[in-house]
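What follows is a set of notes on a single structure, which appears directly below.
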Amino acid sequence: MELEFESRYEINRTVEFIISKSFSRIALQFPDELLKESTKVVSALKSKTRLLTDREVRFFVMADTTYGSCCIDEVGALHIDADCVVHYGQTCLSPTSVLPAFFVFGKAPMNVSSCVKHLIDYASQSDKPIMILYGLEYAHMIPHIREELGLSKTESHQLKFSVANVLCSFISPSKDPRESMEHPRPYCDSLSSSRNYRMGGLTWDLPEGSKIEDYLLFWIGSDSSAFANVVLTFNGCDIVRYDAEDDSLVTEFYQQRRILQRRYYLVEKAKDANIVGILVGTLGVAGYLHMIHHMQALISAAGKKSYILAMGRPNPAKLANFPECDVFIYISCAQTALLDSKEFMSPVITPFEANLAFSRGSEWTGAYLMQFQDVINSVKLESEAHSESEEPRFSFFQGGYVEDHKTNDQAKNGEEDTGETMALVQIAEKALQLKGNDHNLLTKQTTAKSGPEYFLSRAYRGLEINSDNTSPEPYIVGRSGKASGYKHE
């Protein structure tokens, strides 16, 4: 049992990494489901390091991360002055900004023979070559799958299989955040001799002249966020998923395909937004600040107002405190960016969807991008002269042509900052105005001169708000008894 535990959490490999880098303060990041094993892991690491080095090595356990547990919690690690972070469990392998990180993916069990049998049986029904992708928790089984496929090639009429490789198990931060943003790119220059793809911690190459749409994607793992990214990004490919826990093959992804339809609906809805909230969903992924600045420039060029909000993991209750915002943009890693906002008051979209919504003339070609660098490269901000001459666009939600308001006049008059504040005040005012059965406004609040002044006076006034008589009225005794039969009945 002890050897199995050390193998599952890769104790020896972790200690070798720590000693080779001469680290002395190590932050161990666990997801909630693995937190119960943290004390055993720390004890095993301490005992191993004492045997191999005389230098004191201290370990700190981190849990309950501010954002997604798949990302490195650099903020928490910096609070304890850690030299590096050892991450356990599911990860997005997003590049870090400050600290180096070492990853322990875990080792999920799987019936290799059954998996290969399902793979060969399904591949025999298709003429397409097979690209095998997998969750990182099954990376330790890939050598066995390669071996099984090597023995079965002659028996399966020399079917062509390709297997993706794990990108890395150690990440060192880049000095230039924009350079490290290019680390997880799913696409590369099409002029190169081969196309390299990187996604979810995996990397694979396609030969010259081949396209990813020519392949059948065979995913090994659960229906996780990593798999959802594969379905969205490669929505033009045939995809099959092998569920290792149930030992079954899943070929229908109707629900996953419907996600694309809803995302397109959110893009159209975001086009009518006037005030946009930028949700900071990560403080550790390299390039997140550059992406925030890019979103600000994009929103400003579209003539809309933006506000940056940092609140940890978003939920309907948190975002309901900002009724002024018509839409939110969630800046986070690829595996947590797809936030289901059906229960939210305002939709939550990804940076790629914001590019589609706020870049005039852009059309969705079917491609779906999740990585920061690809999103930035996918659009170029239009010049001010060109944007002024744009014609009105058609709004599906308003049922007619609309013009986007620009802030040029405000900037010329030196009132841009005041205009931004008053726009927030006016939208929030509309959210609190009461309406009667005839849909006419019953009250019109006085215009506040500043945001703080407005929010201090914001209150619910009740239904009787038109009476000019302020003298006290005599009280009236109401009915008493039960609803089924009052006393006077």
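Structure notes:
Residue-by-condition table, conditions (1) surrounded by 15 or more Cβ atoms within 10 Å (Cβ to Cβ); (2) touching a Pro at 6+ places or on another chain (Cβ under 7 Å):
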{"residue": "L298", "(1), (2)": "yes, no"}
{"residue": "A310", "(1), (2)": "no, no"}
{"residue": "K318", "(1), (2)": "no, no"}
{"residue": "A334", "(1), (2)": "yes, no"}
{"residue": "S341", "(1), (2)": "yes, yes"}
{"residue": "F344", "(1), (2)": "yes, yes"}
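- Residue match in the stretch 274-284 (condition: surrounded by 16 or more Cβ atoms within 10 Å (Cβ to Cβ), more than 24 Å from M199 (Cβ to Cβ), over 16 Å from the mean Cα position of the chain (by Cα) and not polar (S, T, N, Q)): yes
- Neighbours by Cβ (under 6 Å, 6+ apart or cross-chain): first from the stretch 306-327, touching a residue at least 24 places away in the same chain (Cβ under 8 Å); second surrounded by fewer than 16 Cβ atoms within 10 Å (Cβ to Cβ) and hydrophobic (A, V, I, L, M, F, W, C): A320/M345; P323/A431
- Criterion: over 19 Å from A82 (Cα atoms), at pLDDT 90 or above and open to solvent by 40 Å² or more (accessible area, probe 1.4 Å) - qualifying residue of K36, K46, K21: K36
- The residues of the stretch 357-366 that are surrounded by fewer than 21 Cβ atoms within 10 Å (Cβ to Cβ) and either in contact (Cβ under 8 Å) with a residue 60 or more places away in the chain or assigned to a strand (DSSP E or B) (or both), listed by number, are S359, W364, G366.
- Candidate set from the stretch 250-271 (those that are in contact with a strand residue (DSSP E or B) (Cβ under 6 Å, 6 or more places away or on another chain) and at pLDDT 85 or above); member that is farthest from N235 (Cα to Cα): A270
- The strands (runs of 3 or more DSSP E) falling completely within the stretch 120-234 that include 1 or more residues that are at pLDDT below 85 and in contact with a Cys (Cβ under 8 Å, 6 or more places away or on another chain) map to 195-199.
- Residue in the stretch 84-93 that is within 28 Å of D374 (Cα to Cα), open to solvent by 20 Å² or more (accessible area, probe 1.4 Å), touching a residue at least 24 places away in the same chain (Cβ under 8 Å) and part of a loop (DSSP other than H, G, I, E, B) present: yes
- Restricting the stretch 94-126 to residues that are touching a Pro at 6+ places or on another chain (Cβ under 6 Å) and under 23 Å from N229 (Cβ atoms), the residue that is surrounded by the most Cβ atoms within 10 Å (Cβ to Cβ): T96
The values are calculated or read from the model by the stated rules, or taken from the named source; none is laboratory data. On a predicted model such as this, the values are computed, not experimentally measured, just so you know. Ideal geometry is used to build each Cβ from the backbone, glycine not excepted, and the neighbour counts take in all protein chains shown. Remember, those area values only see protein heavy atoms, side chains included, never the ligands or the DNA or RNA. Shrake-Rupley method; radii C 1.70, N 1.55, O 1.52, S 1.80 Å.
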